[in-house]
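The values are calculated or read from the model by the stated rules, or taken from the named source; none is laboratory data. Quick caveat: nothing in here was measured; it's all calculated off a predicted structure. Every residue, glycine among them, receives a Cβ derived from its backbone with ideal geometry; neighbour counts consider all protein chains shown.
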Amino acid sequence: MDNCIFVVMETAEGVIKNVGLEMITPAKEIAAAKSLKTVAVVLGKNLAETAKQAANYGADAVITVELNSDYSSDEYAFAVAEICKKYNPEAVFIGATQNGKDLAPRVAVKLNTGCASDVTGIKMGDDGKIHFTCPVYGGTILAENVIDTLPQMATIRGGVFKKCEPAESTAEIINENITPENVKTKIVDVVKEISESVNLEDAEVIVAGGRGMGSAENFSLVKELADVLGGVVGATRAPIESGWISRAHQIGQSGKIVAPKLYIACGISGATQHVTGMVGSDYIVAINKDEDAPIFDVANVGIVGNVMQVIPEMINEIKKLRA
Amino acid sequence: MEILVCVKQVPDDSVKIGLNSSGKPAVDGVTMVANAFDTYALEMATRLKEANEGTITVVAIGPEKAKDALKSCLAVGASKAYIVNEDGLGDMDSLTTGYTLSKAVAKIEELNGAKFDIIFCGKETTDCTTGMVGAQLAERLGIGCVTGIVDIELKDGGISVKQETEEGYNVVETSLPAVVTVNKPAYDPRYPTMKSKMAARKIPIGEISKADLGVEDDKIVPSVKVISLSEPPKKQAGVKINEKTFEDTMAKAMEILKDAKVF
Ligand SMILES: Cc1cc2nc3c(=O)[nH]c(=O)nc-3n(C[C@H](O)[C@H](O)[C@H](O)COP(=O)(O)OP(=O)(O)OC[C@H]3O[C@@H](n4cnc5c(N)ncnc54)[C@H](O)[C@@H]3O)c2cc1C
């Protein structure tokens, strides 16, 4: 199977992570331009169903590698590198999840090739190379990168590309047996502290609170406003570090990148690390008592005022409107 | 225990960096600091050292002025510092940086007369944000690596670390030597005192040149090349409402939001 693009699929409890299926879309575009095959490489446990799923979402062929866990650094890096050495793909796309970003750099060294990181755009260049758009300086600058070595590797950010419509597929499924060597690290315990599932990426309305909310108690106003609007609660790093709300709500460079229809920022200053995660929102409302707060530079409507006054009043008004 | 912390000097991350008139990152005049995640790594290393024993060495690849970042590290826990002079190393990508650092590790071990037990890196830098160098250094050295950790302790001659995950954390164990990359832990890095700053100023910073490293030239050719830089489309600021009274402000805001069919 020479001349192919690999799309590496991460699974969790038998389900392929979204970004894996999303990456098939740009991979197929590149494949079409260069007459390549798009091959899904699915790693993990009990892969019969997941392999089928990858095929249905558009992969021309699927390679499965059964491993003992959903992820473990040494095993996965070894397995992906071995598969690459066997099939010599032109490009390898890996989801820019936490595990993907752990895996990709190690595979890159094993294959002695370059890797673009956290890619938000992919296109075929006239030079016959894939051009990858990567955010740098916390997203305030976009770098267009090419990779001079093969395979051209990249970690791809989730939510950037759309999955294809699934269709029943008869694509070939190849099972590869690989026994990882040189395993040095061992996951001895997996601790789940955060039970709530917070779906910020798909939310149409997000109400986010920052340090300006003042306390855990006051932060509940953010939740109240979100509830009235049928939205999801977001946060800056500050309230998370103060323990007012769990890490699952963090928006920004080290949290989620979101683009809802409506984003209401309450008591948030507008640091670049936060703004980079929400500036793609369709309509931004900011409430801040400091009229010079940088958040107002990206807001459609900026309300200069105290959150403790503005939010309750806003809730009242919305309730009236919806009555 | 011998600990190494890898540090990159970067533009202050609280400054929004755009492009200048010649299309390059507008970093002139921006204060240079130690990368935030590297300062978290140094703090974690310092706490580990204080709870046990050991020596912390810091290393940076960079220009002469990157010594400032190293000096700031010497004031908050590190006791030795080396700068790898970037002259002759050319443009670097993560792959060549990981390789160069692996050579620097060997050189410093030779100079120190001792092998490193744990090498700390920040999870990513705030300028290039690739988040790859730590793992690539470990790969080059052929030793274990855990990325994105928020806590560390010694256990059975190796280490046990907490690796942050979406739902909580993994407890990961590995033997030594090992590389760890550090995410933001629950604590903040300490500040230097006048006294620690004065003491830091007296510590000489070891200089390592390209020739000292013995890097192979074909291994420092970057494979990732930047073709062009651009700024993402700017969001236009809309209206800012700041009337004389709270009631007027709210009335105006609600009117605009209703008209825009936001609520
Ligand atoms: C490497 C790195 C990564 C980071 N990643 C992230 C990230 O992913 N996400 C993130 O959010 N941050 C991140 N940060 C932190 C970021 O730099 C800022 O510190 C953070 O976003 C600030 O949060 P804030 O706006 O809530 O707090 P502050 O900056 O303290 O702002 C509080 C605001 O509230 C206003 N205010 C206070 N009281 C009131 C009141 N009563 N009514 C109205 N307004 C009021 C103030 O005027 C101020 O503007 C990161 C930082 C670093 C170094």
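Candidates are the residues of the stretch A:199-224 that are within 15 Å of the ligand (Cβ to nearest atom) and either within 30 Å of A:Phe161 (Cβ to Cβ) or among the β-branched types (Val, Ile, Thr) (or both); the one that is surrounded by the fewest Cβ atoms within 10 Å (Cβ to Cβ) is A:Glu201. Take the residues in the stretch A:109-134 that are facing chain B (nearest Cβ under 7 Å) and closer than 19 Å to B:Asp127 by Cα, then tell me which one is surrounded by the most Cβ atoms within 10 Å (Cβ to Cβ). Step by step, filter the stretch A:109-134, then rank; the result is A:Cys115.
Would you check if there is a residue in the stretch A:153-164 being on the phi < 0 side of the Ramachandran plot, more than 12 Å from every other protein chain (Cβ to nearest Cβ) and surrounded by fewer than 13 Cβ atoms within 10 Å (Cβ to Cβ)? Within the stretch A:153-164, one or more residues are on the phi < 0 side of the Ramachandran plot, more than 12 Å from every other protein chain (Cβ to nearest Cβ) and surrounded by fewer than 13 Cβ atoms within 10 Å (Cβ to Cβ).
Within the stretch A:225-247, restricting attention to residues that are in contact with a Leu (Cβ under 8 Å, 6 or more places away or on another chain) and among the small types (Gly, Ala, Ser), the residue that is farthest from the ligand (Cβ to nearest atom) is A:Gly231.
Taking the condition touching a Cys at 6+ places or on another chain (Cβ under 8 Å) and assigned to a strand (DSSP E or B), does B:Ala41 pass? When the stated conditions are applied, B:Ala41 does not pass them.
Among residues that are farther than 20 Å from B:Phe37 by Cβ, at pLDDT 95 or above and not aliphatic (A, V, I, L, M), A:Asp148 is included.
Among the residues of the stretch A:302-323, just one is modelled with pLDDT under 95 and outside any helix (DSSP H, G or I), namely A:Ala323. Counting only helices (runs of 4 or more DSSP H) wholly contained in the stretch B:163-263, the ones carrying 2 or more residues that are more than 10 Å from chain A (Cβ to nearest Cβ) and free of Cβ contacts under 8 Å to residues at least 60 places away in the same chain occupy B:194-202, B:246-259.
State whether one or more residues within the stretch B:224-247 are farther than 30 Å from A:Met314 by Cβ, of a type in the set (Phe, Trp, Tyr) and either surrounded by fewer than 19 Cβ atoms within 10 Å (Cβ to Cβ) or in contact with a helix residue (DSSP H, G or I) (Cβ under 7 Å, 6 or more places away or on another chain) (or both). Within the stretch B:224-247, not a single residue is farther than 30 Å from A:Met314 by Cβ, of a type in the set (Phe, Trp, Tyr) and either surrounded by fewer than 19 Cβ atoms within 10 Å (Cβ to Cβ) or in contact with a helix residue (DSSP H, G or I) (Cβ under 7 Å, 6 or more places away or on another chain) (or both). Consider the stretch A:259-275. How many of its residues are surrounded by fewer than 21 Cβ atoms within 10 Å (Cβ to Cβ) and either part of a strand (DSSP E or B) or more than 12 Å from the ligand (Cβ to nearest atom) (or both)? Residues in the stretch A:259-275 being surrounded by fewer than 21 Cβ atoms within 10 Å (Cβ to Cβ) and either part of a strand (DSSP E or B) or more than 12 Å from the ligand (Cβ to nearest atom) (or both): 2 in total. Exactly one residue out of A:Ile174, A:Ile178, A:Ile130, A:Ile147 is touching a residue at least 60 places away in the same chain (Cβ under 8 Å) and closer than 26 Å to B:Val133 by Cα: that is A:Ile130.
Per-residue answers, yes or no, for (1) assigned to a strand (DSSP E or B); (2) within 25 Å of B:Ala138 (Cβ to Cβ); (3) within 18 Å of the chain's Cα centre (by Cα):
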{"site": "A:Val146", "(1), (2), (3)": "yes, no, no"}
{"site": "A:Thr149", "(1), (2), (3)": "no, yes, no"}
{"site": "A:Met153", "(1), (2), (3)": "yes, yes, yes"}
{"site": "A:Gly159", "(1), (2), (3)": "no, no, yes"}
{"site": "A:Thr170", "(1), (2), (3)": "no, no, no"}
{"site": "A:Ile174", "(1), (2), (3)": "yes, no, no"}
{"site": "A:Thr179", "(1), (2), (3)": "no, yes, no"}
{"site": "A:Ile187", "(1), (2), (3)": "yes, yes, no"}
{"site": "A:Val191", "(1), (2), (3)": "yes, yes, no"}
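Scanning the stretch A:295-320 for residues that are out of contact with any Lys or Arg (no Cβ under 7 Å at 6 or more places or on another chain), within 9 Å of chain B (Cβ to nearest Cβ) and farther than 18 Å from A:Pro239 by Cβ yields A:Asp297, A:Ala299, A:Asn300, A:Val301, A:Ile303, A:Gln309, A:Glu313, A:Met314, A:Glu317, A:Ile318. Among the residues of the stretch A:133-159, those identified as out of contact with any helix residue (DSSP H, G or I) (no Cβ under 7 Å at 6 or more places or on another chain) and either in the same structural domain as A:Ile257 (by TED's automatic domain parsing) or aliphatic (A, V, I, L, M) (or both) are A:Val136, A:Ile141, A:Leu142, A:Ala143, A:Val146, A:Ile147, A:Leu150, A:Ala154. Residues being in contact with a Lys or Arg (Cβ under 6 Å, 6 or more places away or on another chain) and touching a residue at least 60 places away in the same chain (Cβ under 8 Å) are entirely absent from the stretch A:44-54.
Let me confirm something: among A:Ser281, A:Ser195, which residue is without any contact (Cβ under 8 Å) to a residue 24 or more places away in the chain, more than 11 Å from the ligand (Cβ to nearest atom) and either in contact with a helix residue (DSSP H, G or I) (Cβ under 9 Å, 6 or more places away or on another chain) or part of a loop (DSSP other than H, G, I, E, B) (or both)? The unique qualifying residue is A:Ser195. Looking at A:Ile251, A:Ile315, just one residue is more than 7 Å from the ligand (Cβ to nearest atom), aliphatic (A, V, I, L, M) and within 17 Å of A:Val205 (Cβ to Cβ), and that residue is A:Ile315.
With the structure loaded, tell me whether A:Glu22 is touching a Phe, Trp or Tyr at 6+ places or on another chain (Cβ under 7 Å) and farther than 21 Å from A:Glu181 by Cα or whether it fails that test. Criteria met by A:Glu22. Here is the figure for the stretch B:145-169: residues that are within 17 Å of A:Glu193 (Cα to Cα), over 22 Å from the mean Cα position of the chain (by Cα) and of a type outside the set (D, E, K, R) total 1.
Among residues that are over 30 Å from B:Ile149 (Cβ atoms), surrounded by fewer than 16 Cβ atoms within 10 Å (Cβ to Cβ), within 11 Å of another protein chain (Cβ to nearest Cβ) and among the acidic types (Asp, Glu), A:Asp189 is not included.
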